[in-house]
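The values are calculated or read from the model by the stated rules, or taken from the named source; none is laboratory data. Values in this document were obtained by computation on a predicted structure and should not be read as measured data. Counting neighbours? That spans all protein chains shown, and the Cβs are built from the backbone with ideal geometry, glycine included.
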Amino acid sequence: MAHIPHTYAVIMAGGVGTRFWPMSRSARPKQFLDILGTGKSLIQMTYDRLAQLVPADHILVVTQERYRGLVAEHLPSLPAANVLCEPFMRNTAPCIAYANHWIAAHAGENAAKAAMIVAPADHLILDEAGFLEIARLALDQTRATRQLITLGIRPSRPDTGYGYIQFEDHAEVGEDERIRMVKTFTEKPSLKLAEEFLSSGDFYWNSGIFIWSLSNIQAAFEAHMPDLQALFHEQAAAFGTPSEAAAIASIYADCESISIDYGVMEKARNVAVVLSDFGWSDLGTWGSVHEKLPLDDALNGAAGAQLTAFEATGNVVVSDGSSLPSPAHSEGAPSPATIHATARLRILHACAIALVQVEGVAVEARCGRCVVEDAGDIGVDRAVAIEVTHADAHAVAVDAHAKVRRGQHQRAVASVAQRAAGLEVGRDEQLGESIAGGIDPQRLEAPGSLHR
C-alpha cells in the first residue's frame, strides 16, 4: 500500500498499564507486552499498522524517558530521533502538543500540507484493512475542511468503561454518510445511561484515535489551550536541535496535566466523527482480553500458555514469555505465568488463583479486589504477588480448591499466602490487613464461576 504524502503518525506510548498488574509493571508496561500471544507486542502491532500509511521517518513515538530503550528494542526500524521523551507524564494534551511542534519543525515549508494520525500504542484492531480505509477517508476530510476528526466505534453492548460520542442524524450535504458532526462527548456513563445510548442509535464509543491536519489542531490549541500553546511557541526554535530536551523539560515543568478530550475536543465546535466498525478494543482490562482470546468449553482463555483447568470457568491465563519458566528458571528468565479470573465483564477478582493447575511451573497469584464506582471506573486498591513453586503447586491448588468449593474464598487465599510465601496470617477476617493492606475481605469473590 502506497504511503500518503505529508502524513505523520503519532503513537502515544507513555502509560504504565497499572490495570494489567502483575504482568504489566512500571519497568515494562502493557504496550510492550504480547498480551494476546500473537508474537508481537501491542506497540509493534500499532507501528506495523500505521507503517502501511506512512514511512518510518514520519512515525513518532511519544513516551517517557525511561522507556526509550524499550521503544528501540521493540521498534528497531524507527529512527532514534523520532522517539520523543517526556520528562514526566502530563496526559495527552501536552503529548500531542509536543508532537505538533516537532512535526512543524521537521516539515518546514511543507508544514501547511501536513496531517497526522494520533493513536494509543496499546489498542487492538482486528480488521486492519477496514481501519486503513477509514484512516484514509478521515485524512482526506481533515485536509479538505477545518475539522478535527475522531474515530467512533459501533457499540456492541452498554459498556460503562468507554467514553461515548453523540453525533448528528445526517451527514453534511455532499459528505460521506459515515462522517458526522459531533454533538456531545460523554465520559464513562452509568450502566443505565449506557443502555439508553445503545438503544438511541446515535452514540458510538470514543476510540481515542484522532486524525487532523497540523494547521487544524494548532488552531484548536490556540483557541482552547492558549497557555499551553504559548509555552511551546516560546521554545519553538529548540525543536530539532540539541536544545530540544532542555526545552521540553522547561515546558513540562510549567504545563498542566490534561487530556486532549477535556482540553480541546469537548470545547471545539468543528469536531467530526467517522462512524467505524473495524474490530477495535482498547484492551483496558483483563475482562476485555478475555473477550479476544480463544475460549474452551468452560470459557477459559489462554495466551502463551497451555491451560489445564478443573471445575473453573471464565478464567484467563497469560504468559509473557515464549515458554513457561521451569523450576530452576534464572533471574533473567520470563516471569511466571499470570493467571487471572474474570467474574463478570470488566470485574477482576483474583482470589485463590492456584485453582488453575499448571503442572511443573511457577504460578504467580494475586490477591486483591476491584471496585466499580458509579461512573464505571475500575481501580485496584492494593495487591500482593505470591509465587508458588512447582513443588508446592499441586498441594496448594488442591487445598485452595477445596476451600473455595465450600465458599471459603478468604481462607483459600490465606492458605496460598501461608504455604507459598510464608506470610503470617491470623484470623480469616484479618486477611485485609495481613495480605492486601486494607482490602475488605467481605468484598472478595471467587475467580470466574466455580461449579459447586
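Of the set (1) under 16 Å from residue 121 (Cβ atoms); (2) touching a helix residue (DSSP H, G or I) at 6+ places or on another chain (Cβ under 8 Å); (3) at pLDDT 95 or above, all apply to residue 57 but (1). Condition check: under 24 Å from the mean Cα position of the chain (by Cα), buried (at least 19 other Cβ atoms within 10 Å of the Cβ) and of a type in the set (Gly, Ala, Ser). Does residue 99 satisfy that? Judged against the criteria, residue 99 is a match. Taken over the range 217-235, the residue count meeting the criterion of being surrounded by 19 or more Cβ atoms within 10 Å (Cβ to Cβ) and over 20 Å from residue 90 (Cα atoms) is 0.
Each residue in the range 30-46 was checked for being under 14 Å from residue 11 (Cβ atoms) and in contact (Cβ under 8 Å) with a residue 40 or more places away in the chain, and 7 of them qualify.
The combined condition, being within 14 Å of residue 38 (Cβ to Cβ) and at pLDDT 70 or above, is fulfilled by residue 293.
Of the residues making up the range 193-230, those that are free of Cβ contacts under 8 Å to residues at least 40 places away in the same chain, more than 27 Å from the chain's Cα centre (by Cα) and closer than 22 Å to residue 262 by Cβ number 4.
Here residue 273 clears all of (1) of a type in the set (A, V, I, L, M, F, W, C); (2) farther than 30 Å from residue 176 by Cβ; (3) touching a Gly at 6+ places or on another chain (Cβ under 8 Å) except the condition numbered (2).
In the range 142-248, counting only strands (runs of 3 or more DSSP E) that sit wholly within it, the ones holding 1 or more residues that are within 23 Å of residue 283 (Cα to Cα), out of contact with any helix residue (DSSP H, G or I) (no Cβ under 7 Å at 6 or more places or on another chain) and at pLDDT 95 or above span 148-153, 164-167, 203-213.
Here residue 119 clears all of (1) within 15 Å of residue 213 (Cα to Cα); (2) not in a strand (DSSP E or B) except the condition numbered (2). Close contacts from the range 78-91, counting a first residue that is within 13 Å of residue 67 (Cβ to Cβ) and a second that is among the polar types (S, T, N, Q) and at pLDDT below 95, with Cβ to Cβ under 6 Å and a gap of 6+ residues or different chains, come to 86/64. Within the range 1-33, restricting attention to residues that are in a helix (DSSP H, G or I) and at pLDDT 90 or above, the residue that is nearest to residue 130 (Cα to Cα) is 31.
For the range 34-56, the candidate set comprises residues that are touching a Ser or Thr at 6+ places or on another chain (Cβ under 6 Å) and assigned to a loop (DSSP other than H, G, I, E, B); within that set, the residue that is surrounded by the most Cβ atoms within 10 Å (Cβ to Cβ) is 54. Is at least one residue of the range 95-108 touching a strand residue (DSSP E or B) at 6+ places or on another chain (Cβ under 8 Å) and farther than 19 Å from residue 236 by Cβ? No, the range 95-108 contains no residue that is touching a strand residue (DSSP E or B) at 6+ places or on another chain (Cβ under 8 Å) and farther than 19 Å from residue 236 by Cβ.
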